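The values are calculated or read from the model by the stated rules, or taken from the named source; none is laboratory data. None of these values were measured; they are calculated from a predicted model. Ideal geometry is used to build each Cβ from the backbone, glycine not excepted, and the neighbour counts take in all protein chains shown.
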Amino acid sequence: MCGRFTLTTPKFDTLADLFRAEVDPRLPATYRPRFNIAPSTTTVLLTAPHGVRRLEPGLWGLPGPFAGSNIHINARSETAAGSPAFRDAFARGRCGVLADGFYEWAGPRAKRLPLWFHPREPGPLLLGAIFRDDADPDTGEVTRRFAILTTRANATLSPYHERMPVILPLAACDRWLTGEARDVADLLGPAADDLLVATPVGPRVNDVRLDDPECLTPR
């Protein structure tokens, strides 16, 4: 499960330089550090149209393939390639979601509190995801919409949840973006147990309207 995440890099140019990517012209003017990215939010994707890395906006929430289908924020990596809801996106719409941490909740049902899972050594994460382009039937405007892939939890996450987002090795991102679907299964397992640490944070992040540095205040 991945229902909230962060991307707190102060300057967009830092991300463009790190990923050596072309940039959609809409991004630099709208980018800001994010501390509580929720579904139905637009954030930053890494794609590779024609084999060239590109940073572009994407809306979190992938509709199913049929009219009236549910909106999916996550997809199970073990079955996405063969699922009617996701197989076309997995074959032709693999992308990465830029992040530097994500939230999970723990504790009794009525008193669950968030933890922020982030790299032991501060830096970016690239979450494995799939996308599809949806055209507005009235205006023709196209929106790129995505779902984050999940896998079984590693030792760091398993005390809190049985699933975690797929975290792609940065060195393998080109293979994920442009390779054949049959050749990327090895990238879909849980992250190394020592990659992430958990920082308990306050309940501010529970409110999707709140998206500021105070969301990361340790408790």
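The table for this structure:
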read-out	value
Strands (runs of 3 or more DSSP E) contained entirely in segment 1-70, each with at least 1 residues that are over 22 Å from D134 (Cα atoms)	5-7, 34-37
Residue under evaluation G101, criteria (1) within 22 Å of V184 (Cβ to Cβ); (2) at pLDDT 95 or above; (3) among the small types (G, A, S), criterion not met	(1)
Some residue of segment 42-51 being closer than 15 Å to A147 by Cβ, of a type in the set (S, T, N, Q) and without any contact (Cβ under 8 Å) to a residue 24 or more places away in the chain	yes
Residues that are within 18 Å of P63 (Cα to Cα) and either aromatic (F, W, Y) or part of a loop (DSSP other than H, G, I, E, B) (or both), drawn from segment 107-137	F131, D136, P137
Candidate set: segment 152-166, residues that are aliphatic (A, V, I, L, M) and part of a loop (DSSP other than H, G, I, E, B); chosen: the one farthest from V44 (Cα to Cα)	A155
Number of the condition not met by P124 [criteria: (1) touching a residue at least 24 places away in the same chain (Cβ under 8 Å); (2) over 25 Å from A75 (Cβ atoms); (3) of a type outside the set (K, R)]	(2)
A75 vs. criteria modelled with pLDDT under 95 and either in contact with a strand residue (DSSP E or B) (Cβ under 7 Å, 6 or more places away or on another chain) or in a loop (DSSP other than H, G, I, E, B) (or both)	no
Subset of segment 128-151 (residues that are more than 19 Å from L45 (Cα to Cα) and either aliphatic (A, V, I, L, M) or crowded, with 16+ Cβ neighbours inside 10 Å (or both))	T151
Number of the exception - A110 against (1) out of contact with any strand residue (DSSP E or B) (no Cβ under 7 Å at 6 or more places or on another chain); (2) of a type in the set (A, V, I, L, M); (3) touching a residue at least 24 places away in the same chain (Cβ under 8 Å)	(3)
In segment 28-46, the residues that are surrounded by 18 or more Cβ atoms within 10 Å (Cβ to Cβ), under 12 Å from F12 (Cα atoms) and touching a helix residue (DSSP H, G or I) at 6+ places or on another chain (Cβ under 7 Å)	Y31, V44
Tally, over segment 78-102, of residues that are in contact (Cβ under 8 Å) with a residue 60 or more places away in the chain and part of a loop (DSSP other than H, G, I, E, B)	3
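So that you can scan it fast, the table gives a plain yes or no per residue for (1) over 16 Å from N36 (Cα atoms); (2) loosely packed, with under 14 Cβ neighbours inside 10 Å; (3) at pLDDT 95 or above:
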residue: P114; (1), (2), (3): no, no, yes
residue: H118; (1), (2), (3): no, no, yes
residue: W176; (1), (2), (3): yes, no, yes
residue: A192; (1), (2), (3): yes, yes, yes
residue: T199; (1), (2), (3): no, no, yes
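Okay, residues lined up against (1) over 25 Å from A191 (Cα atoms); (2) crowded, with 17+ Cβ neighbours inside 10 Å; (3) among the aliphatic types (A, V, I, L, M):
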position: G51; (1), (2), (3): yes, no, no
position: L55; (1), (2), (3): no, yes, yes
position: L59; (1), (2), (3): no, yes, yes
position: G64; (1), (2), (3): yes, no, no
position: I71; (1), (2), (3): yes, no, yes
position: T79; (1), (2), (3): no, no, no
position: R87; (1), (2), (3): no, no, no
